[in-house]
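The values are calculated or read from the model by the stated rules, or taken from the named source; none is laboratory data. Note that the structure is predicted; figures quoted are calculated from it, not measured. Cβ coordinates were reconstructed from backbone atoms using ideal geometry, including for glycine residues, and neighbour counts include every protein chain displayed. What goes into the accessible areas is simple: the full protein's heavy atoms, side chains included, and nothing from ligands, DNA or RNA. Shrake-Rupley method; radii C 1.70, N 1.55, O 1.52, S 1.80 Å.
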Amino acid sequence: MRALILSDIHANLEALEAVLAAAPAHDVVWNLGDVVGYGANPNEVIEESRRLGSVFVRGNHDRACCGLGGVEEFNPVAQRAARWTECVLTEEHREWLRQLAAGPIMPDGPQVSCVHGSPIDEDEYIVTVRDAWPSLIETGRRLTFFGHTHVQGGFATNGDEWFRLTPHYSTRNEQEEFELPLRDGARYLLNPGSVGQPRDGDWRAAFAIYDDAQMLLTWYRVPYDLREAQERILQAGLPDRLAARLRDGR
Ligand code: ZN
């Protein structure tokens, strides 16, 4: 079984299309949330995401953009984007967002879980090894896929030692991949990166493929039509900052 793992698409249709064009053959799609918020095409991205599969964890922006709360904790730019998104969403898409499940969800047996922030708190950011530690210890899952930080990579432990996992690439403008063999006896927290608003200094859209027969995770980066995505943000009247940050991957 091969799973295409997507997170933090953030209504960026150009990035999602580039990811789907680049993604190798897969059996299922696991979506770790923040389908909407920030970008200019929330309805189109929801439609495409639903067409791809049925495994979704809700993100904090999904919650805020359909009136389920949390918008008051956002910074002013994110608040404006959430209010704009809520206004342009169709009634059907707003309802669909409202019924999304909070993580963790287990799409493939008891050893694999999907969350937005962390297994302990859907809104928690796992940034450091220290952040990762309680999740890796307490949940007991072999593999946890998470998003929310918009940083591709992850954390692992074999019980004695703790590791930070970072994919390495050689360019900033071509399609590339980085393979991580998953070892027996180790536990992993794995972030596919953000499709639509990367914040790890690399502007390219991010995703991952998990292959359970080979026990292999492959991270990918793909260029997309950045100018078009930026233009749509500006035309929609969303804050300029949301267009500018896409170029910087910040
Ligand atoms: Zn996000």
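From the set of residues in segment 144-190 that are of a type in the set (F, W, Y) and under 18 Å from W30 (Cα atoms), which is surrounded by the fewest Cβ atoms within 10 Å (Cβ to Cβ)? Of everything passing the filter in segment 144-190, Y188 is surrounded by the fewest Cβ atoms within 10 Å (Cβ to Cβ). Filtering A18, A81, A40, A64 for residues that are at pLDDT 95 or above and in contact with a strand residue (DSSP E or B) (Cβ under 7 Å, 6 or more places away or on another chain) leaves a single hit, A18. Return a yes/no flag: does segment 86-102 have any residue that is touching a Gly at 6+ places or on another chain (Cβ under 7 Å) and either at pLDDT 95 or above or open to solvent by 70 Å² or more (accessible area, probe 1.4 Å) (or both). Scanning segment 86-102, I find at least one residue that is touching a Gly at 6+ places or on another chain (Cβ under 7 Å) and either at pLDDT 95 or above or open to solvent by 70 Å² or more (accessible area, probe 1.4 Å) (or both), so the answer is yes.
I'd like to know if segment 201-212 contains one or more residues that are surrounded by fewer than 21 Cβ atoms within 10 Å (Cβ to Cβ), touching a residue at least 24 places away in the same chain (Cβ under 8 Å) and more than 16 Å from the chain's Cα centre (by Cα). Checked against the condition, which is being surrounded by fewer than 21 Cβ atoms within 10 Å (Cβ to Cβ), touching a residue at least 24 places away in the same chain (Cβ under 8 Å) and more than 16 Å from the chain's Cα centre (by Cα), segment 201-212 yields at least one hit.
Checking E124 against (1) buried (at least 21 other Cβ atoms within 10 Å of the Cβ); (2) within 16 Å of the ligand (Cβ to nearest atom); (3) closer than 29 Å to E179 by Cα, which test does it fail? All conditions pass for E124, except number (1).
Residue count for segment 59-72, restricted to those that are within 13 Å of the ligand (Cβ to nearest atom) and either part of a helix (DSSP H, G or I) or free of Cβ contacts under 8 Å to residues at least 60 places away in the same chain (or both): 7.
Of all residues in segment 170-188, those satisfying the criterion of being part of a loop (DSSP other than H, G, I, E, B) and either aliphatic (A, V, I, L, M) or closer than 13 Å to T157 by Cβ (or both) are L182, R183, G185, A186.
The sole residue among V77, V71, V28, V45 that is over 30 Å from R187 (Cα atoms) and surrounded by fewer than 18 Cβ atoms within 10 Å (Cβ to Cβ) is V77. Checked against the criterion of being farther than 23 Å from L216 by Cα and crowded, with 16+ Cβ neighbours inside 10 Å, segment 113-120 contains not a single residue that satisfies it. Checked against the criterion of being closer than 30 Å to I120 by Cβ and β-branched (V, I, T), the candidates V222, V195 yield just one match: V195.
Remark: pairs (first residue in segment 116-130, closer than 8 Å to H148 by Cβ; second residue modelled with pLDDT of 95 or more and not in a loop (DSSP other than H, G, I, E, B); Cβ separation under 6 Å; 6+ apart in sequence or on different chains) = D123/N60; I126/A132. Any residue that is assigned to a loop (DSSP other than H, G, I, E, B), closer than 24 Å to P192 by Cα and in contact with a helix residue (DSSP H, G or I) (Cβ under 8 Å, 6 or more places away or on another chain) - is there at least one of those in segment 41-58? Yes, that holds for at least one residue. When A229 is tested against (1) in a helix (DSSP H, G or I); (2) within 19 Å of the chain's Cα centre (by Cα); (3) surrounded by fewer than 17 Cβ atoms within 10 Å (Cβ to Cβ), exactly one condition is not met: (3).
For the residues N31, N41, the requirement of being within 16 Å of the ligand (Cβ to nearest atom) and farther than 23 Å from M215 by Cα singles out N41.
Evaluation of A102 against the conditions (1) more than 16 Å from the ligand (Cβ to nearest atom); (2) in contact (Cβ under 8 Å) with a residue 12 or more places away in the chain shows that the sole unmet condition is (1).
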